[in-house]
1. I'd like the Karplus ³J(HN,Hα) series for the range 47-61: coefficients 6.51, -1.76, 1.60, θ = phi - 60°, whole numbers in Hz, and an x wherever there's a Gly or Pro.
2. Quick check on the chain: helices-only [θ] at 222 nm, where DSSP H runs of length 4 and up contribute -39,500 (n - 2.57) each and the sum goes over total residues. Nearest 500, please.
3. Too long at a 29 Å Cα-Cα cut-off: which of Lys139/Lys242; Lys104/Lys198; Lys84/Lys242; Lys61/Lys198?
4. So, in Å, what gap is there between the alpha-carbon centers of the range 127-195 and the range 67-85?
5. How would you classify the chain from its alpha-carbon gyration tensor, with a ≥ b ≥ c the square roots of the eigenvalues: rounded for a/c under 1.5, else prolate if a/b is greater than b/c, otherwise oblate?
6. Of all beta bridges DSSP finds with both residues in the chain, what is the antiparallel percent, to the nearest 5?
7. Using a Gaussian network model of the chain with C-alpha springs under 10 Å, which one of Glu170, Glu43, Glu194 is most mobile by mean-square fluctuation?
8. How high is the relative contact order of the range 115-247? Use alpha-carbon pairs under 8 Å, at least six apart in sequence, and give a whole percent.
Amino acid sequence: MALDAGLDVTVLSRRPPSGASPVHRDGARYFQADVTTGAGLAEALQGADVVIDCLEGQFGKARRKFADGGARLLAAATVAGVRKAVLLSIINCDQTSAAFYVSKADKERVYALSSLETVVVRATQFHSLVTAVFQAGSKVRLIPVFKGARFQTISPTNVASELLAEALREPSEERHRTRTIGGPDIWSMRELAEIWRKASGRAGLLVEVPLPGEMGRYLRKGLNLVPSQRTGTDTFEAWLAKREESL
């Protein structure tokens, strides 16, 4: 998307594609760097105007060091002369004690303290999240649907478009902003499972199961929904139609 717009794109990763340094076949420059140690950050950020941070740290040390990594990235970006940083986060991540979401909220607070202009884009869950649950269940012909859960899933492409738009937006007088984006539709998990089963042609019994713990509470309270911000345009059904691997 950014490459199609004619922008100079640099990708920072602990594991860049093999043979990708410094220029990969897709037109982007790839650098091996690690935000947990700071190794490679200075070289990767040289000449950058804006940073879009989509890094993840779901488990173990990566999750524990997630906010620290964000601070290290922002510090290196400041030294490199970057003017803005855009962070991908999760809707209402500060409203639950689920560990992964807590790490996201901690990183948001790091961004709010940065000397750079920052924008946090909180998104609802991706279409691919519920799809992965359905795919896993279909292997044993039992497709789980979480009791009392509704979703406003969004296409990763729509999220990428919003991140890029924020990166390219003119400087703001407000140094630190947070906005929330959601998908076009709100469905129960059962309804999403029925859409997926019809699109995929997979057999499997839909089984309603309770989701315990903090994530269950988060979903039952509707903290994953933002009805007033239906930013995404790709419906779940349309997204499935474009992606055979999801079926």
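1. Running phi through 6.51 cos²θ - 1.76 cosθ + 1.60 with θ = phi - 60° gives x, 6, 9, 9, 10, 10, 9, 10, 5, 10, x, 7, 9, x, 4 Hz.
2. -11000 deg cm²/dmol
3. Among Lys139/Lys242; Lys104/Lys198; Lys84/Lys242; Lys61/Lys198, the Cα-Cα distance tops 29 Å for Lys104/Lys198; Lys84/Lys242; Lys61/Lys198.
4. Measuring centre to centre over Cα atoms gives 27 Å.
5. Prolate.
6. Antiparallel bridges: around 10 percent, rounded to the nearest 5.
7. Top of the fluctuation ranking is Glu170.
8. It comes to 39 percent, rounded to a whole number.
Laboratory data are not the source of any read-out in this text; all were calculated from the coordinates shown. All values reported here derive from a predicted model rather than from experimental measurement. Here the Cβ is made from the backbone with ideal geometry for all residues, glycine too, and neighbour counts use every protein chain on show.
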